[in-house]
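Comments concern the structure below.
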Amino acid sequence: MSAHKKQGSSLNEKPGISQPEITSGTSIEQIQRFRRIQPSAQELVSGILSGNITALSRAITLIESTNPDHLAKANEIINSCLPHANQSVRIGITGVPGVGKSTFIEAFGKQLTGLGKKLAVLAVDPSSSFSHGSILGDKTRMEELVKDKNAFIRPSASGDTLGGVARKTRETIILCEAAGFDTILIETVGVGQSETAVHSMVDFFLLLKIAGAGDELQGIKRGIMEMADAIVINKADGDNIKKARLAKTEFNRALHLFPAKKSGWQPTVATCSAITHEGIPEVWQTILDYFEMAKTSLYFQEKRKEQNQFWMMETINEQLKNNFYNHPEIIAELDKNKKAVQNDEISPFAAASILLNLYKKGS
């Protein structure tokens, strides 16, 4: 190949290409300066109450921040939004990895927005225990729902919080409700202790299953099934329809062995296909039936009150923990005590007692 042809190849960079004239350095600088501007708490609150998604997103970022300087501002926003919250229904969705949670949520979400609902999806992505990074790919997997003007999808990294859900998710719910979203879906990381946290902040708990998965989760299946208000067997399409129907019968039998729920609701089992949308409208009807029963019996209101009390105690515990580890004297002494414990120079319990007494004296 000649040198001339190589030079004209699309695989080679052409020399002498300068910045196009339409690119304005001033405009770039203005955009960068705008992004650096931190709006006040009241400006963000005003934006949230008017349904501004940018303001909502920035406020959620403040809530998720580990920067102590952001805590006071986040609390001010939450307190201002609280009187405008509690007007939504909150639905938790869980299931093992591979059960099709994201695909189900997209199909279910499109069903809800088609009915005129304003939907917020809070999807928690697992963080690496090594790099602490997270892919945050839920928006990619929900490519139709993400374009829906009546839907807001917020992927968040689980971080080092057990199961990826705790105070930050709870407070994000409040902001979404204040922004006018009347239906909140919370997708959990997977099956485990995170389900307990989700269950304590939602009105309805939906467990997704697939047929033919075996009993790998036998050890924790009972606890999760006891929390579930409905079990939906996903991927009931194609050659899997028969297996899904058999699984439905088995789960129905299992549910009748569990103690009656405090709400008086009898959990249901259904099949659906997030691909063909078969069974998706019936899932929403089941949820509506539950809310009608729970609100008539006043269980809905009572559960919300119990959850508020629970999260007050959880917030106290978390704040005490944060205060302890951010205390200057604890920061100075913690590593020394860790090394002493590792070298068997002191017991873990004695080291903990020393640090706690040091914290008490300095508080």
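The values are calculated or read from the model by the stated rules, or taken from the named source; none is laboratory data. Since the structure is predicted, the reported quantities are computational estimates derived from the model, not experimental observations. Cβ sites come from the backbone with ideal geometry, for glycine too, and all protein chains shown count toward neighbours.
Cβ separations smaller than 7 Å between residues 6+ apart or across chains give the following pairs from the range 231-243 residues that are in contact (Cβ under 8 Å) with a residue 24 or more places away in the chain to residues that are of a type in the set (Phe, Trp, Tyr) and buried (at least 24 other Cβ atoms within 10 Å of the Cβ): ASN234/PHE104. From PHE130, PHE204, which residue is more than 14 Å from the chain's Cα centre (by Cα), modelled with pLDDT under 80 and at negative phi? Every option except PHE130 fails the conditions. What do you reckon, is LEU49 modelled with pLDDT under 90, outside the structural domain of ASP182 (by TED's automatic domain parsing) and among the aliphatic types (A, V, I, L, M)? It is false that LEU49 is modelled with pLDDT under 90, outside the structural domain of ASP182 (by TED's automatic domain parsing) and among the aliphatic types (A, V, I, L, M). Residues that are loosely packed, with under 11 Cβ neighbours inside 10 Å and of a type in the set (A, V, I, L, M, F, W, C) within the range 332-357 comprise ALA332, PHE349, listed in sequence order.
Search the range 291-306 for residues being touching a residue at least 24 places away in the same chain (Cβ under 8 Å) and more than 25 Å from the chain's Cα centre (by Cα), and hand back the single one that is surrounded by the fewest Cβ atoms within 10 Å (Cβ to Cβ).
So in the range 291-306, the residues touching a residue at least 24 places away in the same chain (Cβ under 8 Å) come out as 291, 293-294, 297, 299-300, 303-304.
Now drop any that are not more than 25 Å from the chain's Cα centre (by Cα), which leaves 293, 297.
Details: MET293: 15, SER297: 13.
Looking at residues that are touching a residue at least 24 places away in the same chain (Cβ under 8 Å) and more than 25 Å from the chain's Cα centre (by Cα), I get SER297.
Report yes if some residue within the range 250-271 is in a helix (DSSP H, G or I), closer than 30 Å to ASN86 by Cα and not β-branched (Val, Ile, Thr); otherwise report no.
To start, the set of residues in the range 250-271 that are in a helix (DSSP H, G or I) comprises 250-255.
Filter once more, keeping what is closer than 30 Å to ASN86 by Cα: none.
No.
Being at pLDDT 95 or above and crowded, with 16+ Cβ neighbours inside 10 Å is the filter; apply it to the range 274-290 and report the residue that is farthest from ARG90 (Cα to Cα). Going through the qualifying residues, I end up with GLY279. Among the residues of the range 103-110, is there at least one that is assigned by TED's automatic domain parsing to the domain that holds ARG154, within 17 Å of the chain's Cα centre (by Cα) and among the charged types (D, E, K, R)? For the range 103-110, residues assigned by TED's automatic domain parsing to the domain that holds ARG154, within 17 Å of the chain's Cα centre (by Cα) and among the charged types (D, E, K, R): present.
Taking residues in the range 258-271 that are under 21 Å from VAL283 (Cβ atoms), and partners anywhere that are polar (S, T, N, Q) and in a loop (DSSP other than H, G, I, E, B), the pairs with Cβ atoms closer than 8 Å and at least 6 places apart or on different chains are SER263/SER297; GLY264/SER297. Could you tell me whether THR315 is part of a helix (DSSP H, G or I) and touching a strand residue (DSSP E or B) at 6+ places or on another chain (Cβ under 7 Å)? So THR315 does not fit the description; no. For the range 135-157, residues that are touching a helix residue (DSSP H, G or I) at 6+ places or on another chain (Cβ under 9 Å), surrounded by fewer than 21 Cβ atoms within 10 Å (Cβ to Cβ) and either outside any helix (DSSP H, G or I) or at pLDDT 75 or above (or both) total 9. Among the conditions (1) modelled with pLDDT of 90 or more; (2) in contact with a Leu (Cβ under 7 Å, 6 or more places away or on another chain), the only one that ILE224 does not satisfy is (1).
A residue that is small (Gly, Ala, Ser), closer than 20 Å to MET201 by Cβ and in a helix (DSSP H, G or I) can be found somewhere in the range 69-76.
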